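K.L.:
This is the structure I have questions about; it appears just below.
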Amino acid sequence: MIRKGKTYGEIAEIEGASKRRIQQLVELAFLAPDVIRDVFEGRQSIGMTSEWIARHSFSPIWQEQRETFCAL
């Protein structure tokens, strides 16, 4: 839907979700591959929890993600 030009708000309305939830899902799609691997293998930093991810935005720039998540 994003590639077809829909806004987060439009997608949220169609999907029956909040705009913030749609933003969160899009952010997850841009996680660095090594960050995903670390989570999958249980090697993420102790502060990088699903609760933290749900409450915070993070950069789509992979190096910035690494710095943010390592600091948790």
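The values are calculated or read from the model by the stated rules, or taken from the named source; none is laboratory data. Since the model is a prediction, treat every value here as computed from it, not as a measurement. Note that we place each Cβ from the backbone using ideal geometry, even for glycine, and neighbour counts take in every protein chain shown.
K.L.:
Looking at region 33-56, which of its residues are closer than 14 Å to ARG21 by Cα and either among the charged types (D, E, K, R) or in the same structural domain as SER18 (by TED's automatic domain parsing) (or both)?
P.N.:
Scanning region 33-56 gives GLU51, ARG55.
K.L.:
Can you tell me which residue within region 43-72, out of those that are without any contact (Cβ under 8 Å) to a residue 12 or more places away in the chain and hydroxyl-bearing (Ser, Thr, Tyr), is surrounded by the most Cβ atoms within 10 Å (Cβ to Cβ)?
P.N.:
Out of the qualifying residues, it is THR68.
K.L.:
Just name the residue that is surrounded by the fewest Cβ atoms within 10 Å (Cβ to Cβ) out of those in region 1-42 that are of a type in the set (D, E, K, R) and closer than 12 Å to GLN65 by Cβ.
P.N.:
ASP34
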